[in-house]
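These notes are about the structure you will find just below.
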Amino acid sequence: MIDFEYTAPTHLDAAIKQLAATGEKAQVLAGGTDIIVQLQEGHRSAELVVDIKKIPELTQFEYCDGEELKLGAGVTCQQIYDDPKVAAAFPALTDAVRIIGGWQIQSRASVGGNLCNSSPAADSIAPLIAYNALAHIAGPNGRRTVPVDQFCTAPGRNILEDGELLVTLTLPRQGPFNGSAYQRFIPRNEMDIAVAGAGSWVRLDESGNHIKDAKIVLSAVAPIPVIAEEASQWLIGKAVSEANFAEAGELARRAASPIDDMRGTAEYRTHLVGVLTRRTLAKACERVQQGSSKVL
Amino acid sequence: MKTHVTTTINGESVEFLCQPRQSLLEVLRDELSLTGCKEGCNNGNCGACTVMLNGSPVDSCLVLAVEAEEATIETIEGVADKGHLHPLQQCFLEGAALQCGICTPGFIMAAKALLEKNPQPTEEEIRFGLAGNLCRCTGYDKIVRAVQAAAELQKESVS
Amino acid sequence: MSTDTTTETPKEYKVIGTRPIRHDGADKVTGKAVYTSDLHVPNMAFGAFIRSPHAHARIISVDTSDAENMPGVLATCTSADLPSLWDKGDNLGEGYVNYAHLSGNILARGKALYKGHAIAAVAATSTHLAEEAAKRIKVEYEPLLATTWVVDAMQKNAPLLHDKLITHTLDDEPAKPSNIAEHVRFEKGNIEEGFAAADVVIEREFKTSTIHQGYIESHVSVALWNEDGRLKIWTATQGSFATRQQVAAVLEMPVSQVTVTPCEIGGGFGGKISIYEQPVAAILSRKCGRPIKIAMRRDEVFEATGPTPGSFIRVKLGATKDGKLNAAEAWVAFDAGAYPGGFIAPGCMCALSCYDIPHATVDGFDVVLNKPKTQAYRAPGSTHVAFAVESVIDELATELKIDPIDFRLNNAAKEGTRRVDGPVYPRVGLVECLQAIQNSDHWKSPLTGPNRGRGVACGFWFNAGLKSSVAANVNADGTVTLIEGSTDIGGTRTSLAMQLAETLGINAEDVIPQVVDTDSVGFTDVTGGSRVTFATGLATYEAGLDIQRQLVKQAAKLWECDSEDITVTDGTYQTKDKSLSFKELAVQVSASNEPIVGRGAVDAPNASNAFGAHIVDLEVDPDTGKVTILRYTACQDAGKAIHPSYVEGQMQGGAVQGIGWALNEEYFYDDHGHMRNASFLDYRMPTCYDLPMIDTIIVEVANPDHPYGVRGVGEVPIVPPPPAIASAMHQATGIRFYELPMSPPKVWKAMMTKNTED
Amino acid sequence: MAIVFIPPQLRKLTGAAEIEIEGGTVREVIEHMEQRFPGVKERLFTDGQLSPMLQLSVDHRMTRVVSTKVLPTTEIHFLPVIGGG
C-alpha cells in the first residue's frame, strides 16, 4: 500500500477543512473495513486519510421511543444491533447490520461507511431507503440534506463532492402498525456479499389484515440500490396474504437489472428478487402482527 | 514519516512508531513481536488476526495502527493469566480443537469475546458468533464443543 | 458424537487409544508457536513478486531498472537468475517432479502460462517498499489465446502451452506435441464381455471445478544464502527434505549445501510440498547478502500456488439384476494446470478402488492449460473420480431397487480383490465401514420432511509408506526426546510420541517430540499421503525397540548379569530378583553408563489402504437451490486409532473440505482466463455457521504392516462428501447433479428446468 | 520366475497381458523380458534405473527397489508413481 498521511480531527470543521484541502486524494476512514482493503488492493488511493471517529457529531447515536433515530456516520453495526429499542423500531436495519461480515467486521463497520462505500450490494442501504432515511452532509459550502435514495449514483460512487462528509443519518419515526425486514441471499450463511437483497417496509391497517402503505428496496440487482416502485404501489390496499406477497415479488423483479458475475447470474438474481421480496414482506407483516415494531 | 502511538496492550502501556499505512496486525507482529496474532488473508475474511480493540473483537488487519492511539488492546498473549491457561485455552487443548493451530489464537479471541457477552450461548449462537473465523483443518466440530465446554467450566467456577 | 467400532479382539494398550494433550498444544493456544511468518531473522529484508496479468502471453522483455533505482531496493531476480535445466526429473517420494517445469513455474521463462505466473521479484527493506518496487518492474507481453477448460485444451486446435510437449505413455508416443502430457490406461478382464453380461448399464458425464486446499497460512519462507555458499531456508512446508531436494535441484547445488528448517505449518493438505518462493528468496539473499523473507498474499496463494485439477469424467457401469457389478469403464481427463503432473494416475487408480469388478478399463489424460500448476489436495484425484463413480453406483442401486449400502456391500472390495491397476488387496476395512454406517443411529433414524434427502458414499485412498527417520535420546530423568523430521500439521508429534511411549512402557507425556531441520535428523519424506502416523510411527517403534535392546544391555552391566536373564514387560525390566521401571532404570543408566540413543529408519512398505463411508442428510431450499447440511456421519477404518481425537479431527476436517467442494468452492474464471474470486470472501470455504456437528465412527481393522495396526487416516474423508451429497440432493429434488460445485444458482436452474419439463 | 502383469500400453510389444518370466530379482526379470520382447526396457527404465515416473508392485507391496527378490509365485506390476496430500 502506498503510504499516506493520517489525521483524526476532533471537530467537524477541521475534518472538512482537511478534506477540502486535499480534494479527491483524501479518503474518509470510519470502520475501515472497506477503505483499508481498497487502499491495500489499489482500488482506491489516498494521500490523506481522515479518521472521523473522534468527531462527536459523527459518533452520536440517539434514539428515544417514537422519535427519529439519529445515527452518526461512524456508529458501528454492533452498536446498532446491541440496542434493543432500535432493533424493535427499525428491525430491517438490525437485520442488515447483523449480517455485514462477522462480528470482527460488525464491531468496526458503520452504516454511514456502508452508505458512502456505495456498493450495489451494500446490505444496510436498502433498509435506510425503506425507512426514508435522510443523509446529512457537511462540506466547505455548508450543510445539505439528501434522501438516502438519492445518495448513490453508480457502483462505488455517490453525490458527495470533494471535501464533503456524511455527518449523520436520520431515520424518521415510522408511525403505527409498521413492520419491516431485510434479507439477502448468499451461498454461505455468513461472511458473504449479497447475491441479491430485499428490504421491505409495510404499514398495515388497524385490523392488521390489509396493507396501507409499502416500500420495497432491492440490493445487488442494479448499479445502485433501487426502489421497486411498481410492486410497492401495487401492494397498497391489498390483503396480507402469501399470494399477494408473491405477486409483489413478481412485480419487484421488473425493477431489477442485474449483471452476471462470480456471485450469480442475472437470471438467478432476478429470480431471487421475487423470493426475497415475498419473504421480507411476510416477515415485515408478521412483525406488525406480533407487535415487535409497535412504534407509536 | 512515522507517527508516535501510545496505547495499552494486555494491560501494559506501550509506545510505538509506525507509518499510517501499517495495519495494527503488522505493527503487533513486526514491531511489537506479538506474533500470536496471525495473518491469514489480510482483508478481513478469516479472523486469524482477531484482537480485542476497546472491548470488541476486530480483525487487526483492518485497523490502522495509528488508530490504536489511546486504545485498549488485548491479544492472545494476554489471555493466559500468569502461568494459568484460560478455560477456553484449556478446553481447546482437552478437546483437540486445533490441528495446525494457525487459526487458534483468532478463534480463542473471538470465543472469549462471545462468552464475555453471552456466557451460556447455544450451539447456534456459537456458530454465528464464530462465523468470522475460518478454520480449514477441524471442520469446526471440536472448536464448537470446546467453546461449549469452556462455557460449562466457567459456569461451574461461578457457582 | 463419536463411536468406536472395533472389529477384532483389541490388544491391550496403555497409551495407544488414549487422548493425551498434544505436546505442542500450550504453544499453539497461547500464540507462542513459531510459524515461518513469525520469524524475524536479524537484518532481514523482504521480497515481493510481479506476476502476469495475462493467462497466456509471450514475455517480450522484463526491465527491472526502475525498481532497482528506488531507494531501499536491494536486489531483483528474474528467470535469468535460475539455472536453465533440461527435462531432468526426480521421484520425490510424492510423485514425479520435472525440475525444468518446476523452475519455470517459480519464475516464468519465455512465456507466462497463467494469470499470476511469477515473472520477477524484488527485495527491499520493507514489504510495502518491495511491493511498490515490484510494480515498477516493466514487463512487455504479447498476449496469446488461453484455455482454462480441460476438454477444450485437448482439442487439436487448442492453443499450445509447450511447443515440445509430447504425450508420455508406455504406448508408442505421438509424433506431434499437444497439451496432453500423459495418457495412462488400466485394464482388467474383458470389458465387452462384461457389459454384454450386464442387465443394467448406466453411463454419465461429470465435471468438477478447480479447488484450492485453502490452508489459512499463506506460503512463507526466509532464505539466507551465506558467503560460504551455504543456504539456509526456514519455510512452511509439508516436507523439509522435499524442499531441500527441490531447492537444490532448481539452483543446481548439492543438497548438503542447503539446510531447511521447517517451522510450524499452518495447514497444507498437499499444497505445501512443491516449492515456490524459496529459491527466489535464496537468489535475492545471495544478491544482497541479507536474509530475505517472502510471504505470499492470499490472492497470490489462490492464483499462483497449486490447486487441485478441474476435471471431465465419463463413467459407464454395468450390473446384473441381482446387484453385482460386472463391468466398468472410466474416461478421465484432469487439468494439470500450466505444467504436466495433475494427479491423473492416482485418480485413475482410485476410480474403481472400492469395488470388486471383473471387467474394467480406465483411461486417464493429464492435460496442460492456462491455470496454475496443480498440486496434491488430500487424496489427490480420488474425490473427482469418486464423485463420478459413486454417483453412478447410486443410480444403479436406485434403478435396481437395492438399498445403496447393500448394493455397495454386495460389491465391496475386500482382502483378495484384484484392483483394476493390478495389485490385490491385503486385509482392508471397507465392508466393516459399510456395516458400521448401516448399523449407525444416523442410518436407522428416518429422515422426514419435504425437500430433504439422505445420501451415502464410499471413499478410498492409498497409504503412502516411504522413508522416515527418527532418533530417540534417553534423558537423565528417564524421559525420552524424540527427534523427527516429519513436520507436524495436525498433531503427529503426539501420535508418534504415543507410539514410542507404548513401545517403551512409559507415559505419552514422558516423550518430548521435536521436529528438527534437515541437518539434524535422517532423511524423512513429506508429511502427506496419510503416512506420518503409519510410516514415521514405524520408525519410532523401531527406535523404541532399539532403546529397549540398549537398555537391557546396560541393565545387565548394572546388575552384573547376562542380558538374556532380563525380561521386559510393559516397560518393566526384570531379573529373578530385581525389577525396575523404564524410568528408574533410565535414571540409573544415565548416571553411570553410556548414553542411550535409539534409532529408527525405515522405507515403509506401502501396502496399506484406507476406506471410509459417509452418510449425509440435507435440505434444499426449493426457492433458491441453497443446501443446508442437517446431519453428517463419517466412518473410517483407521486400522488402529492412536489418538482417537485427532483421528476424529481428520475425519471431520476432511468431510467439511469435501462438503465445501461439493457445494460452493470453485475457481471462477472469466473469458480471459482470469480467476475472479481469489479471496476467502468469494472462494467461500465453509464457516462454522454453515455446518452441523460431524459425527464420527472409527472402525479398526488392523493394518498387518504396522505393529499397532495403524492405517493412515488423513486423506480418505474428503472423498465421499461430494457423491454422498449428490445422492442426497437427488432424493431431495429428484434431480441428478453431474457437476461440482452444486452451488445455489446451478441447483436452482436445474430445479427450474425440471419444473418446466414436469 | 515371476508373473509379470504387462501394462496395457506395453502389450503391443508383448502380446499377452500376463507373462511368466525367469529371474531372481525384479531387475533380472526385466532383463529377461527385454530379451524376449525388445524395447520393453527402454519404456520402463531411464538411465539404467526404473523410470522416475514408475513404481513397482511386488507381491502387492509398492516399491521402487529393482533389486527386490522375487519368488516363482511373485506378481510384478508396473504402476505410475503417486503422491498424496
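List the residue pairs whose Cβ atoms are under 8 Å apart, where the first residue sits in segment C:661-684 and is more than 14 Å from chain B (Cβ to nearest Cβ), the second is assigned to a loop (DSSP other than H, G, I, E, B) and acidic (Asp, Glu), and the two are 6 or more positions apart or on different chains.
C:Arg676/C:Asp670
Read through the list (1) within 30 Å of C:Glu700 (Cβ to Cβ); (2) more than 10 Å from chain D (Cβ to nearest Cβ); (3) surrounded by fewer than 24 Cβ atoms within 10 Å (Cβ to Cβ), then give the number of the only condition that C:Glu395 fails.
Of (1) within 30 Å of C:Glu700 (Cβ to Cβ); (2) more than 10 Å from chain D (Cβ to nearest Cβ); (3) surrounded by fewer than 24 Cβ atoms within 10 Å (Cβ to Cβ), only one is false for C:Glu395: (1).
Residues of segment B:45-63 being part of a strand (DSSP E or B) and touching a residue at least 40 places away in the same chain (Cβ under 8 Å), which ones?
Those that are part of a strand (DSSP E or B) and touching a residue at least 40 places away in the same chain (Cβ under 8 Å): B:Thr50, B:Val51, B:Met52, B:Ser56, B:Pro57, B:Asp59.
Restricting attention to segment B:64-78, which residues are surrounded by fewer than 22 Cβ atoms within 10 Å (Cβ to Cβ) and either in a loop (DSSP other than H, G, I, E, B) or within 11 Å of chain A (Cβ to nearest Cβ) (or both)? Show your work before the answer.
Within segment B:64-78, the subset surrounded by fewer than 22 Cβ atoms within 10 Å (Cβ to Cβ) is B:69-72, B:74, B:77-78.
Hits for segment B:64-78 are B:Glu69, B:Glu70, B:Ala71.
Which of (1) closer than 22 Å to C:His384 by Cα; (2) within 11 Å of chain B (Cβ to nearest Cβ); (3) of a type in the set (D, E, K, R) does C:Asp690 not meet, given it meets every other one?
Evaluating C:Asp690 over (1) closer than 22 Å to C:His384 by Cα; (2) within 11 Å of chain B (Cβ to nearest Cβ); (3) of a type in the set (D, E, K, R) leaves (1) as the failure.
Condition check: in contact with a strand residue (DSSP E or B) (Cβ under 8 Å, 6 or more places away or on another chain), surrounded by fewer than 20 Cβ atoms within 10 Å (Cβ to Cβ) and in a helix (DSSP H, G or I). Does A:Ala87 satisfy that?
Criteria not met by A:Ala87.
Taking C:Asp152, is it in a loop (DSSP other than H, G, I, E, B), at negative phi and of a type in the set (D, E, K, R)?
no
If you go through segment C:55-71 one residue at a time, do you hit one that is assigned to a strand (DSSP E or B) and surrounded by 22 or more Cβ atoms within 10 Å (Cβ to Cβ)?
yes
I'm trying to understand the selection: among the residues of segment A:3-28, which are assigned to a helix (DSSP H, G or I) and either β-branched (Val, Ile, Thr) or buried (at least 16 other Cβ atoms within 10 Å of the Cβ) (or both)? Reasoning before the result, please.
We begin by selecting, within segment A:3-28, every residue assigned to a helix (DSSP H, G or I); these are A:12-25.
Of everything in segment A:3-28, those that are assigned to a helix (DSSP H, G or I) and either β-branched (Val, Ile, Thr) or buried (at least 16 other Cβ atoms within 10 Å of the Cβ) (or both) turn out to be A:Leu12, A:Ala15, A:Ile16, A:Gln18, A:Leu19, A:Ala20, A:Thr22.
Out of curiosity, is C:Leu585 of a type outside the set (Phe, Trp, Tyr), surrounded by 22 or more Cβ atoms within 10 Å (Cβ to Cβ) and in contact with a Phe, Trp or Tyr (Cβ under 7 Å, 6 or more places away or on another chain)?
It is true that C:Leu585 is of a type outside the set (Phe, Trp, Tyr), surrounded by 22 or more Cβ atoms within 10 Å (Cβ to Cβ) and in contact with a Phe, Trp or Tyr (Cβ under 7 Å, 6 or more places away or on another chain).
Residues checked against (1) modelled with pLDDT of 95 or more; (2) more than 14 Å from chain A (Cβ to nearest Cβ):
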| site | (1), (2) |
| --- | --- |
| C:Glu700 | yes, yes |
| C:Gly712 | no, yes |
| C:Pro721 | yes, yes |
| C:Ala726 | yes, yes |
| C:Met729 | yes, yes |
| C:Thr733 | yes, yes |
| C:Glu739 | yes, yes |
| C:Lys749 | yes, no |
| C:Asn755 | no, no |
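Sort out for me the helices (runs of 4 or more DSSP H) sitting completely within segment B:89-159 that have 2 or more residues that are more than 14 Å from chain A (Cβ to nearest Cβ) and touching a residue at least 12 places away in the same chain (Cβ under 8 Å).
In segment B:89-159, B:141-158 are the helices (runs of 4 or more DSSP H) which contain 2 or more residues that are more than 14 Å from chain A (Cβ to nearest Cβ) and touching a residue at least 12 places away in the same chain (Cβ under 8 Å).
Can you find a residue that is modelled with pLDDT under 95, within 14 Å of chain D (Cβ to nearest Cβ) and in a loop (DSSP other than H, G, I, E, B) anywhere in segment C:466-486?
no
Looking at (1) without any contact (Cβ under 8 Å) to a residue 40 or more places away in the chain; (2) away from chain D (no Cβ under 13 Å), which one does C:Met296 not meet, given that it meets all the others?
(1)
So, of the residues in segment A:215-240 that are of a type in the set (Val, Ile, Thr) and not in a loop (DSSP other than H, G, I, E, B), which turns out to be surrounded by the fewest Cβ atoms within 10 Å (Cβ to Cβ)?
Restricting to residues being of a type in the set (Val, Ile, Thr) and not in a loop (DSSP other than H, G, I, E, B), the top hit is A:Ile227.
Please verify whether A:Arg184 is more than 14 Å from chain B (Cβ to nearest Cβ), of a type in the set (Lys, Arg) and in a strand (DSSP E or B), treating the condition exactly as stated.
In short, yes.
Here is a list of conditions, (1) under 30 Å from C:Gln731 (Cβ atoms); (2) more than 14 Å from chain D (Cβ to nearest Cβ); (3) in a strand (DSSP E or B), and C:Asp623 meets all of them except one; can you say which number that is?
(3)
Would segment C:84-99 turn up any residue that is surrounded by fewer than 18 Cβ atoms within 10 Å (Cβ to Cβ) and part of a strand (DSSP E or B)?
Yes, some residue in segment C:84-99 is surrounded by fewer than 18 Cβ atoms within 10 Å (Cβ to Cβ) and part of a strand (DSSP E or B).
Which of the following residues is outside the structural domain of C:Gln657 (by TED's automatic domain parsing), of a type in the set (Asp, Glu) and under 24 Å from C:Pro346 (Cα atoms): C:Glu203, C:Glu142?
After applying the criteria, what remains is C:Glu203.
Considering (1) more than 30 Å from C:Val647 (Cβ to Cβ); (2) within 14 Å of chain B (Cβ to nearest Cβ), say which one C:Gly31 fails and leave the rest.
(1)
Which members of segment A:138-166 meet the condition of being touching a Ser or Thr at 6+ places or on another chain (Cβ under 7 Å), of a type outside the set (A, V, I, L, M, F, W, C), touching a residue at least 40 places away in the same chain (Cβ under 8 Å) and part of a strand (DSSP E or B)?
A:Asn158
The values are calculated or read from the model by the stated rules, or taken from the named source; none is laboratory data. Source: prediction; values computed, not measured. Because the Cβ atoms are built from the backbone with ideal geometry, glycine has one as well, and the counts that use them run over all protein chains shown.
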